[in-house]
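Only one structure is covered here, and it is reproduced in the block below.
The values are calculated or read from the model by the stated rules, or taken from the named source; none is laboratory data. What you see is a predicted model, and the numbers here were worked out from it, not measured in a lab. Every residue, glycine among them, receives a Cβ derived from its backbone with ideal geometry; neighbour counts consider all protein chains shown. Surface areas here come from the heavy atoms of the whole protein model, side chains and all, with no ligands, DNA or RNA. Shrake-Rupley method; radii C 1.70, N 1.55, O 1.52, S 1.80 Å.
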Amino acid sequence: MSQDLMDHATRTIEVGSKSFAAAARLFAPRTRRSVLMLYAWCRHCDDVVDGQELGFNLPGGAPRDAAAKLAVLEDQTRRAYLGEAMRDPAFAAFQEVALRHRIDPRFALDHLAGFAMDVQETHYETIDDTLRYCYHVAGVVGLMMASIMGAHDPRVLDRACDLGLAFQLTNIARDIVEDACMGRCYLPAQWLREAGIPPNELAEPRHRAQLARLAARLVDHAEPYYASAGAGIAALPLRSAWAIASARNVYRQIGIEVKRRGAHAWDERTGTGKAAKLWLLAKGAASALGSRFSGPAARPRDPALWQRPGGAVDVPRAAHARPA
């Protein structure tokens with residue numbers, strides 16, 4: 001990979017995800033390189049389908065041929081795994097990372113399936129439906145990231161997936177109004193009916209109080225996934241453990257702030273300041289060091305949590321249903 005491509009990947013994460021960019025600097029150089037390359041591919045695929053650039057809307061909005069563009073991305077992904085020469089820089093980067101770290105092709109294709117859910121305007125009736133979306137757009141990113149860090153044990157992958165789920169639930173809570181302005185809603189329809197908010201009125205200021213309660217509910221729902229993810233940090237190399245523990249702290253703090261702001265959570269984009277980030281990075285270091293004294297995934301995973309497809313304990317949902 002050329003230095004130009006590495007520079008592009010670095011810029012991609014700094015513009016597309018300031019929250020994760022800070023934590024990404026903590027990885028060992030070779031791991032960080034692969035993480036950045038993977039993120040650049042994820043961002044590229046998302047932008048192609050949404051008609052955006054680095055996560056920001058372009059004039060004209062989403063492309064009309066989004067489904068066709070998604071099909072091309074799927075074809076390129078399959079060819080990358082076959083070892084074919086990749087002309088697209090994002091796919092050349094992905095190919096290097098996927099083959100070097102033995103990333104399961106199912107994870108990459110499951111990620112693209114999340115974009116398909118947006119293209120098809122999937123309806124989310126229950127919190128489990130929302131979690132299924134979270135799995136595709138973020139949970140599998142956790143699985144691919146864990147693979148880069150050398151974790152392939154299904155129990156550890158479950159914890160990596162849990163972190164992705166927690167991240168996405170936090171993102172949904174933070175971006176409810178922004179998503180609604182794009183015609184998207186990831187909140188469970190059941191919750192909206194209970195709150196008396198018509199889906200097409202999500203962005204209207206008169207619903208802010210009810211919306212704040214739903215956002216708080218999402219943030220609370222993310223908590224057990226953040227807790228579960230913490231148990232997987234022990235399985236990672238120390239610097240990777242520091243980076244992931246720090247990212248976990250930063251995203252969790254965003255959810256806490258969304259909940260604290262209440263009806264004003266969408267007056268401006270919620271984030272964490274520089275001083276707060278430094279404190280959360282320090283806390284991440286303490287967590288990473290503490291994890292050296294515990295075994296990987298020492299605590300049994302809560303069977304009530306949503307289980308990823310093909311997970312270590314794939315128990316039927318009916319056996320441990322969680323109230324919506």
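For this structure, a couple of remarks:
- Just so you know, the Cα atoms of region 121-240 work out to an Rg and Dmax of 15.9, 49 Å.
- Inter-part distance where region 121-193 and region 245-306 are each reduced to a Cα centre, Å: 16
- Partner aspartates and glutamates whose Cα lies under 15 Å from the Cα of residue 259, excluding those fewer than 8 positions away in the same chain, are identified as 175, 220, 223, 267, 268.
- GluC sites (Glu not before Pro) within region 89-163: DSSP coil, no more than 16 neighbouring Cβ in 10 Å: 121, 125
- Of the residues 42, 148, 286, the one whose Cα sits farthest toward the positive end of the charge dipole of the chain, with +1 on the Cβ of Lys and Arg and -1 on the Cβ of Asp and Glu, is 286.
- DSSP-assigned coil residues among trypsin sites (Lys or Arg not before Pro) in region 257-311, each with at most 13 further Cβ atoms within 10 Å: 269, 292
- Remark: region 236-253, residue by residue, has Karplus-estimated 3J(HN,Hα) of 9, x, 4, 5, 5, 4, 4, 5, 6, 4, 5, 4, 4, 5, 5, 5, 4, 5 Hz, where x stands for each Gly or Pro and the curve is 6.51 cos²θ - 1.76 cosθ + 1.60 at θ = phi - 60°.
- Share of Cα-Cα pairs in region 79-187 lying beyond 19 Å, as whole percent: 50
- Low-density loop positions, GluC sites (Glu not before Pro), region 198-275 - DSSP coil, at most 10 other Cβ in 10 Å: 268
- The chain, accessible area per residue, ligands and nucleic acids excluded (1.4 Å, Å²): 45
- Element breakdown for the chain at a 1.4 angstrom probe: carbon and sulfur atoms account for 55% of the accessible area.
- Heavy-atom accessible area, probed at 1.4 angstrom with all protein chains present, ranks 86, 144 as 86, 144, highest first.
- Normalised by 2.2 N^0.38 Å, with N the number of residues, the alpha-carbon radius of gyration of the chain equals 0.96.
- Computed from the Cβ-Cβ distance with R0 of 56 Å, the FRET efficiency linking residue 102 to residue 206 stands at 0.60.
- The shape of region 180-266 can be summarised by an equivalent ellipsoid whose semi-axes, obtained from the alpha carbon gyration tensor, come to 32, 13, 11 Å from longest to shortest.
- Entry note, the chain: the mean residue ellipticity at 222 nm calculated from DSSP H runs of n ≥ 4, each adding -39500 (n - 2.57), is -20000 deg cm²/dmol after division by the residues and rounding to the nearest 500.
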